[in-house]
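Asker: What follows is a single structure, and I will ask about it in a moment.
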Amino acid sequence: MTDAYPIRMSFGWDTLPCWLANLSVATGVPVITAKLLHSIMPHLSLARAEKFVAPLNAAFARYSINTPKRVAAFIGQTAVESNQFRHLEESLYYSSAVHLKKTFPKQFKTTDAADYTRKPEKLANYVYANRLGNGDIASGDGWKFRGRGLIQLTGRSNYQKFMDASGVNVIAKPELLSEPRYAALSAAWFWNRMKLNDWADKDNYRALTKRVNAAMLGFKDREAFRKRALLLISTSGLR
């Protein structure tokens, strides 16, 4: 959704909650590998893909993303939301006012979008103010709780709900969602909360996409990644 994203992430298992660190992948769940992720998303390097293998397999097991259809749908959505797992934080840097108005049409019906180009923090605090549990513009919540993770979890209320469910304090440290382990976990948690497995099971990918991105941005790309993922999972024996 943005013109550019910062790439600053770390990885490790030393501070994971015990339930996640000790979780094993259930029998029958498609097993994610770095090679598979790279094959689905060619711009994702093998080295970077490796950082998502353990977090994804654990998150999939926890939230029953456990069939080829479900896994493929998840990857299709998150591949677009995170620009092929490379950008885990929304920068909101827009160089084009036209692009900005297209992305946030309601917020720029009367406001001049040109005043917000190349000003990501100002933009975040404006477009996300007084919504999604955020405070007003002056609170800075829009920028602090901007989209993060593989599915771009956004807004104080969503961060709070994820924290309540996981025990990971992303209110005090929202940047944790920019780490692969929590980027994957938060996306799977959101997937479960929105009951997206049900839509994948029904092959209703338009309804599924609308629950991830109400504007249906990038639907064709989401479908292309999903179909590629399903083909590779189904023919690789990873199930």
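Asker: Any chance you could count how many residues in the range 113-133 are more than 25 Å from Ala183 (Cα to Cα), crowded, with 16+ Cβ neighbours inside 10 Å and hydrophobic (A, V, I, L, M, F, W, C)?
Answerer: Summing the residues that are more than 25 Å from Ala183 (Cα to Cα), crowded, with 16+ Cβ neighbours inside 10 Å and hydrophobic (A, V, I, L, M, F, W, C) in the range 113-133 gives 1.
Asker: Restricting to the range 129-165, count the residues that are touching a residue at least 24 places away in the same chain (Cβ under 8 Å) and farther than 23 Å from Asn213 by Cβ.
Answerer: Matching residues across the range 129-165 total 0.
Asker: Go through the range 134-146 residue by residue and tally those that are under 22 Å from the mean Cα position of the chain (by Cα) and surrounded by fewer than 16 Cβ atoms within 10 Å (Cβ to Cβ).
Answerer: Taking the range 134-146 as the starting set, the residues that turn out to be under 22 Å from the mean Cα position of the chain (by Cα) are 134, 140-146.
Those left that are additionally surrounded by fewer than 16 Cβ atoms within 10 Å (Cβ to Cβ): 140.
Residues meeting the conditions: 1.
Asker: Which of the residues belonging to the range 100-119 are out of contact with any helix residue (DSSP H, G or I) (no Cβ under 7 Å at 6 or more places or on another chain) and without any contact (Cβ under 8 Å) to a residue 60 or more places away in the chain? Even if it seems obvious, please write down each step before you answer.
Answerer: Taking the range 100-119 first, the residues out of contact with any helix residue (DSSP H, G or I) (no Cβ under 7 Å at 6 or more places or on another chain) are 102-103, 105-106, 109-112, 115, 118-119.
Within the range 100-119, Lys102, Pro105, Lys106, Lys109, Thr110, Thr111, Asp112, Asp115, Arg118, Lys119 qualify.
Asker: For the range 31-52, does any single residue satisfy the condition of being acidic (Asp, Glu), farther than 20 Å from Lys220 by Cβ and at pLDDT 95 or above? So that I can check it myself, show each step before the final result.
Answerer: Step one: list which residues in the range 31-52 are acidic (Asp, Glu), which gives 50.
Going one step further and asking which of them are farther than 20 Å from Lys220 by Cβ, we end up with 50.
Among the residues that remain, those that are also at pLDDT 95 or above are: 50.
Scanning the range 31-52 turns up at least one residue that is acidic (Asp, Glu), farther than 20 Å from Lys220 by Cβ and at pLDDT 95 or above.
Asker: For Gln160, all conditions in the list (1) within 30 Å of Pro55 (Cα to Cα); (2) surrounded by 18 or more Cβ atoms within 10 Å (Cβ to Cβ) hold save one; what is the number of the exception?
Answerer: Evaluating Gln160 over (1) within 30 Å of Pro55 (Cα to Cα); (2) surrounded by 18 or more Cβ atoms within 10 Å (Cβ to Cβ) leaves (2) as the failure.
Asker: May I pose another question? Against the definition (free of Cβ contacts under 8 Å to residues at least 60 places away in the same chain and either among the charged types (D, E, K, R) or surrounded by 15 or more Cβ atoms within 10 Å (Cβ to Cβ) (or both)), how does Leu196 come out, yes or no?
Answerer: On the way: free of Cβ contacts under 8 Å to residues at least 60 places away in the same chain: no; either among the charged types (D, E, K, R) or surrounded by 15 or more Cβ atoms within 10 Å (Cβ to Cβ) (or both): yes.
Answer is no for this residue.
Asker: Ala165 - would you say it is of a type in the set (Gly, Ala, Ser), closer than 23 Å to His38 by Cβ and assigned to a helix (DSSP H, G or I)? Reasoning before the result, please.
Answerer: On the way: of a type in the set (Gly, Ala, Ser): yes; closer than 23 Å to His38 by Cβ: no; assigned to a helix (DSSP H, G or I): yes.
Spelling it out, it is not the case that Ala165 is of a type in the set (Gly, Ala, Ser), closer than 23 Å to His38 by Cβ and assigned to a helix (DSSP H, G or I).
Asker: Can Ser186 be described as assigned to a helix (DSSP H, G or I) and exposed (fewer than 15 other Cβ atoms within 10 Å of the Cβ)?
Answerer: On the way: assigned to a helix (DSSP H, G or I): yes; exposed (fewer than 15 other Cβ atoms within 10 Å of the Cβ): no.
Criteria not met by Ser186.
Asker: Loosely packed, with under 15 Cβ neighbours inside 10 Å, of a type in the set (Gly, Ala, Ser) and in contact with a helix residue (DSSP H, G or I) (Cβ under 7 Å, 6 or more places away or on another chain): does that describe Ala207? Steps first, please.
Answerer: Working: loosely packed, with under 15 Cβ neighbours inside 10 Å: yes; of a type in the set (Gly, Ala, Ser): yes; in contact with a helix residue (DSSP H, G or I) (Cβ under 7 Å, 6 or more places away or on another chain): yes.
Yes, satisfied.
Asker: Additional query: Would the range 154-166 turn up any residue that is assigned by TED's automatic domain parsing to the domain that holds Leu56 and among the β-branched types (Val, Ile, Thr)?
Answerer: Within the range 154-166, the first condition is being assigned by TED's automatic domain parsing to the domain that holds Leu56, and the residues that meet it are none.
No, the range 154-166 contains no residue that is assigned by TED's automatic domain parsing to the domain that holds Leu56 and among the β-branched types (Val, Ile, Thr).
Asker: Another one. Looking only at helices (runs of 4 or more DSSP H) that lie completely in the range 193-239, which have at least 1 residues being among the β-branched types (Val, Ile, Thr) and either modelled with pLDDT of 95 or more or over 15 Å from Lys35 (Cα atoms) (or both)? Steps first, please.
Answerer: Numbers: elements: 196-201, 205-212, 219-236.
Passing ranges, in order: 205-212.
Asker: Which residues, counting only those in the range 149-160, are touching a Leu at 6+ places or on another chain (Cβ under 9 Å) and not β-branched (Val, Ile, Thr)? Quick ask: steps written out before the conclusion?
Answerer: Quick first cut of the range 149-160, residues touching a Leu at 6+ places or on another chain (Cβ under 9 Å) only: 149-150, 152-159.
Hits for the range 149-160 are Gly149, Leu150, Gln152, Leu153, Gly155, Arg156, Ser157, Asn158, Tyr159.
The values are calculated or read from the model by the stated rules, or taken from the named source; none is laboratory data. All of these numbers come straight from a predicted model, not from anything done at the bench. Every residue, glycine as well, gets a Cβ built from its backbone with ideal geometry; the counts of neighbours run over all protein chains shown.
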